[in-house]
Amino acid sequence: MKREEFPILNEQVHGRKLVYLDNAATSQKPQCVVDAIAEAYSRWNSNIHRGVHHLSQIATQKHEDARKAVAQFINARSSDEIIFTKGTTDSINALAFSIGELLLHEGDEVIVSGVEHHSNIVPWQMACERKKSTLRHIPLREDLSLDIEAFKGLLSDRTKVVSVAHVSNVLGIIQPIEEIIRLAHERHIPVCIDGAQSVPHMSVDVQALDCDFLAFSGHKMYGPTGIGVLYGKREWLEQLPPHEGGGEMINHVRWSGTTYNDLPYKFEAGTPNYVGSHALHVAMDYIRAIGWETLEQHEHDLTHYCEQQLSAIDGVHIYAAGMPKAGVVSFNLFNNGQLIHPFDVGTLLDQQGVAVRTGHHCAEPLIDDMAVPGTVRVSFGLYNDRSDIDTFIAALRRAQMMLS
Ligand code: PLP
């Protein structure tokens, strides 16, 4: 599907055709996104919002059109609820700081889950440290699913915010966020969803989910690096203090003090990434033109096929096999019960032109829980097909022979 529209996929790696299976880390870009960036700098680059001149007005229009497109993409009520950031990490850092200022006091608690990426752990740890609060996490069951009964036990009057990944970047499991949101809302606790691994792979509707915040990155959804989104319900964003000060986020600055701008600008200090937001808009249009049903079905088929092919190899252990997943499969290779280090597997795959990710995937607490040094992770995008998986499986069999 659409492979020819991604120029990088014509590259050779170590003399072989590139098979790119590292989409959870970042996706490749279609030509229309590459062209959008080149066109922006060739034809209309100009700083936005403050300019009366022609180019500035074009750039401002493109940035604000992109904001409206993001609102539509995730079904937000209003584009005022869309804050442009550098990416998921930046979004969660901003939120953790602001929530910390507004809601956290000594003795309060924040809950994340046991599968989180570091970017949904460390910002909350920092906020908790600043506010003498405690970070708790939802433990995992034996099968690596979240222990929702334990989550119920963690919720209390001390809980001030819950922040969980929609899809685990290590295991690919689609988490039961609807239930998590419902349980937290019964106690009027706001919920942030880390959508870094869900928004690129499935239709995410913030009104249907009723999440209070959603963070995601442009570069994982066929858009450019350096642009991301923090969605927040208006009633929360209006209360939260800004996390950064500077130009654009102000209404008036006097020596006696500063008043802040309206939403969403209160949270967008400095020159925003208007080229990035425009290219993200192009990427979202690209996804919409394919359609969620086609995309989800395609990636579901690849995940299923990959697990099927992997399980036919002796010595492969797939983590969370058979669970509902979004485009990610993690496994390890064993030789007579001894784990072969995922780094060695990844290196031998790379030599055969197959790009996968190995290691802790920025989720060390989860990897510690799994009691392994890391995993080999394959992750899919819309341009992958079954032949990529066949090439990967053949390369894995050769790697296994060399390492046994
Ligand atoms: N959260 C999850 C679940 C991720 O997979 C990632 C990146 O892999 C991030 C957050 C951080 O995203 P970024 O590096 O784009 O800020």
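The values are calculated or read from the model by the stated rules, or taken from the named source; none is laboratory data. All of these numbers come straight from a predicted model, not from anything done at the bench. Neighbour counts run over all protein chains shown; Cβ positions are idealised from the backbone, glycine included. Heads up: the accessible areas ignore ligands, DNA and RNA and are worked out on the full protein's heavy atoms, side chains in. Shrake-Rupley method; radii C 1.70, N 1.55, O 1.52, S 1.80 Å.
A few comments on the model shown:
- Test result for Ile318, away from the ligand (no atom under 16 Å from the Cβ), touching a Leu at 6+ places or on another chain (Cβ under 7 Å), more than 17 Å from Ser145 (Cα to Cα) and in contact (Cβ under 8 Å) with a residue 12 or more places away in the chain: no
- In this structure, Glu116 qualifies as assigned by TED's automatic domain parsing to the domain that holds Leu171, charged (D, E, K, R) and surrounded by 16 or more Cβ atoms within 10 Å (Cβ to Cβ).
- Count of residues meeting criterion [aromatic (Phe, Trp, Tyr) and away from the ligand (no atom under 16 Å from the Cβ)] in the stretch 215-253: 1
- Criterion violated by Asn332 - all others in (1) without any contact (Cβ under 8 Å) to a residue 60 or more places away in the chain; (2) closer than 27 Å to Asp35 by Cβ; (3) touching a helix residue (DSSP H, G or I) at 6+ places or on another chain (Cβ under 7 Å) satisfied: (2)
- Test for Arg3: is it over 27 Å from Gly374 (Cβ atoms) and outside the structural domain of Ala363 (by TED's automatic domain parsing): yes
- Restricting Leu155, Leu144, Leu102 to residues that are within 16 Å of the ligand (Cβ to nearest atom), open to solvent by 10 Å² or more (accessible area, probe 1.4 Å) and in contact (Cβ under 8 Å) with a residue 12 or more places away in the chain narrows the list to Leu144.
- Annotation note: of Ala24, Ala36, Ala59, Ala40, the sole residue that is part of a helix (DSSP H, G or I), in contact (Cβ under 8 Å) with a residue 24 or more places away in the chain and within 28 Å of Arg357 (Cβ to Cβ) is Ala36.
- Residue, nearest to the ligand (Cβ to nearest atom), within the stretch 351-368, restricted to residues that are open to solvent by 10 Å² or more (accessible area, probe 1.4 Å) and closer than 16 Å to Phe380 by Cα: His361
- Residues satisfying the stated conditions in the stretch 379-404, i.e. among the hydroxyl-bearing types (Ser, Thr, Tyr), under 20 Å from Ser330 (Cβ atoms) and crowded, with 21+ Cβ neighbours inside 10 Å: Ser379
- From the options Asp205, Asp210, residue that is on the phi > 0 side of the Ramachandran plot and either modelled with pLDDT of 95 or more or open to solvent by less than 30 Å² (accessible area, probe 1.4 Å) (or both): Asp210
- Top-ranked residue of the stretch 266-290 - restricted to ones that are in contact (Cβ under 8 Å) with a residue 60 or more places away in the chain and under 15 Å from Ser91 (Cα atoms), ranked as surrounded by the most Cβ atoms within 10 Å (Cβ to Cβ): Ser277
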